Amino acid sequence: MTALKNDTFLRALLREPVEYTPVWLMRQAGRYLPEYRASRKAAGSFLDLCKSKEFATEVTLQPLDRFPLDAAILFSDILTVPDAMGLGLYFAEGEGPKFERPLRDEAAIKALSVPDMSELQYVFDAVSSIRNALDGRVPLIGFSGSPFTLACYMIEGGGSDTFSRVKTLMYDRPDLLHHILDVNARAVTAYLNAQIDAGAQAVQIFDTWGGALAFGKYQAFSLAYMQRIVAGLKREADGRRVPVIVFTKGGGLWLEQIADSGCDAVGLDWTVDLGDARRRVGNRVALQGNFDPNALFAQPAAIEAEVARLLSAYGAGSGHVFNLGHGISQFTNPEHVTALVNAVHHFSRKQAVR
Ligand code: CP3
C-alpha cells in the first residue's frame, strides 16, 4: 500500500499535532455535484452506483477533484446491511429509501439474522478499488449506520417523522427491539471489520436518529450497542491506528457518555458550541463538526465568517476535524463549498497554534 501523502485527518482524530484543521463533509459525494448527477444517470440508479466498484470509485473521487478535502468517504449507503438481511431495499423516485419487507411482526423479527458478509462483497470491493485509486492522496473513511438508526428504517419501512412504530415496539416489547439491535450490532461489527480489512483507514458510525430517543432510552437502545461495536472493531491496520468516529445527531446532551464509548472522536451536530463540547469531553476524544449545512446557502462572506467563528470556538491545538453538522443538501452551490474548504484551511493555518 502507498504511504499517505496527507494524513492530517488521521492525526487530528488522534489529537496529534497538525499544521491546519482537516476538513471533509458528510455526503460530500452526491446530488449537489453535476458530475455526480451525470454518473448516476450513466449507472442507471443510486443502487447501481453503489453496486459497481467502478462507479462507486468514480463518484467517491469527484468531490476530491473539485475541493482540497482531507479525507475520502466510501460511496455507499447505511441501508446496505438490512438489504443484505433480506429486507429488499429500494428507492422510490423522490421519496428516499424504502424496504419491501419491513419488520412488522414477531415472526419476522425472530427470523432476523446476521447476513453472510459475502452478500456485501460489492461494498468491500468498492473499498479496495477506491483505496487503490486514491493512491495515498488522503485517507479513506468506511462507515455504517448505528444499530438503532438501522432499526428505525427496518421497522418503519422507510423514513419517518415520528418513529411511532419503533417507539411503540420499544415501550411495548423492549425484548424484540433488543433482539433486532443485537443482530444489527453483530452485523455492523463484522461489516466494519471487513471494510477495514479491505482498506478503510478510519470508520464512522452514523447514529442519525439516536437523538430522537428519551433520556435513558438513548443509553440503553442506541449508545450501548455502539459501545459493543466499538469494542469489537479492529483498531490497527498497516501498522496504524484505525480511528472510530461516533456521530449521534441530536446527541449534544450526552457528549460525556458518547466520549466514554471507546471511540476516538465524537461527531457533533450544529446545536452545540465547539468550545463547550471540548471542555466537556476533556482530553478523551477528538471532535468532528459542526457547521450548519444550511449556512452553505448563504454568500461566501457569511460562510467564511461562520468558519472563523467555529475555529476560534474550538481554539488552539489539535483534535478538531472540520465537518458539517449533518449531510450536505442537494441544493448547495458547489462554489460555496469551495469557499468553506478554503476558509477552513486558511483560517486554521493563521490560528497556527497547534
Ligand atoms: O458521505 C458520503 O458522501 C458517503 C455516502 C453516503 C450516502 N448515504 C450516499 C447517499 C452516506 C455516508 C450515507 C449515509 C446515510 N444514508 C445515512 C446516515 C447519514 C445521514 O445523512 O443521516 C442515512 C440515514 C441514509 C439513508 C438514506 N440514503 C436516505 C435517508 C437517503 C435519501 C436522502 C436524500 O438525500 O434523498 C439515501 C440516499 C442516498 N444516500 C443518496 C446518497 C448520495 C442520494 C441518492 C440519490 O442519488 O438520489
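The values are calculated or read from the model by the stated rules, or taken from the named source; none is laboratory data. Since the structure is predicted, the reported quantities are computational estimates derived from the model, not experimental observations. Note that we place each Cβ from the backbone using ideal geometry, even for glycine, and neighbour counts take in every protein chain shown. These area figures cover heavy atoms from the full protein model, side chains too; ligands, DNA and RNA do not enter into them. Shrake-Rupley method; radii C 1.70, N 1.55, O 1.52, S 1.80 Å.
How large is the accessible surface per residue of the range 1-151, computed with a 1.4 Å probe and reported in Å² as a whole number?
Numbers: 6080 Å² over 151 residues.
In whole numbers, the range 1-151 has 40 Å² accessible per residue.
Only helical runs count toward this figure. For the chain, summing -39,500 (n - 2.57) over DSSP H runs of n ≥ 4 and dividing by all residues gives -13500 deg cm²/dmol at 222 nm. Ranking VAL114, SER144, VAL285 by Cα position along the charge dipole of the range 8-350, where only Lys, Arg, Asp and Glu carry charges on their C-beta atoms, puts VAL285 farthest toward the positive end. From the largest down, the range 8-350 spans 60, 46, 42 angstrom on the principal axes of its Cα atoms. Evaluated at q = 0.19 Å⁻¹, a Debye calculation over the C-alpha positions of the range 80-170 (equal weights, vacuum) places log10 I(q)/I(0) at -0.95.
Across the options ALA212, VAL321, TYR171, the greatest Cα extent toward the positive end of the charge dipole of the range 8-350 (unit charges at beta carbon of Lys, Arg, Asp, Glu) belongs to VAL321.
Here the accessible area of the chain is 50 percent carbon and sulfur, with a 1.4 angstrom probe and all protein chains present.
Run the dipole for the chain about the Cα centre, Lys and Arg Cβ at +1, Asp and Glu Cβ at -1, nothing else charged, and hand back the magnitude in debye, nearest 20. Mind dumping the intermediate values first?
Values: 36 positive and 39 negative charges, 126 e Å.
Rounded to the nearest 20 debye, it is 600 debye.
What is the chain's relative contact order, in percent, from Cα pairs under 8 angstrom and six or more apart in sequence? Mind showing how you got there, number by number?
On the way: 668 pairs, mean separation 76.9, N = 354.
Reported as a whole number, the value is 22 percent.
Place a +1 charge on the Cβ of each Lys and Arg in the range 68-166 and a -1 charge on the Cβ of each Asp and Glu, then give the dipole magnitude about the Cα centre in debye, rounded to the nearest 20.
On the way: 7 positive and 14 negative charges, 34 e Å.
Dipole about the Cα centre, nearest 20: 160 debye.
Accessible surface for MET85 stands near 30 Å², nearest 10, in the context of the full protein assembly shown (1.4 Å probe). Over the range 1-143, all Cα pairs binned in 5 Å intervals from 0 give whole-percent P(r) values of 2, 9, 16, 19, 17, 14, 10, 7, 4, 2, 0, 0, listed from short to long.
So which of LYS167/LYS249; LYS41/LYS98; LYS51/LYS167; LYS51/LYS98; LYS110/LYS234; LYS5/LYS249 end up more than 23 Å apart by C-alpha?
LYS51/LYS167; LYS110/LYS234; LYS5/LYS249
Ligands, DNA and RNA are left out, and with a 1.4 angstrom probe the accessible area of the range 242-354 is 37 Å² per residue. Shown here for the range 92-197: GluC sites (Glu not before Pro) in loop regions (DSSP other than H, G, I, E, B) with at most 11 other Cβ atoms within 10 Å, namely GLU93, GLU95, GLU100.
May I ask you to derive the FRET efficiency for LEU253 and GLU54 from their Cβ-Cβ distance with R0 = 41 Å, giving the value to the nearest 0.05? If you can, show how the numbers build up before the last one.
On the way: r = 43 Å, r/R0 = 1.05.
It comes to 0.40.
Note on ARG66 and GLN219: the extension gain reaches 51.1 nm, defined as 0.36 nm multiplied by sequence separation minus the Cα-Cα distance. Segment GLU95..ASN132, full-extension length gain: 9.9 nm, with 0.36 nm per residue of separation and the alpha-carbon distance subtracted. Gain on full extension, evaluated as 0.36 nm per residue between ARG284 and HIS179 minus their Cα-Cα distance, stands at 34.7 nm.
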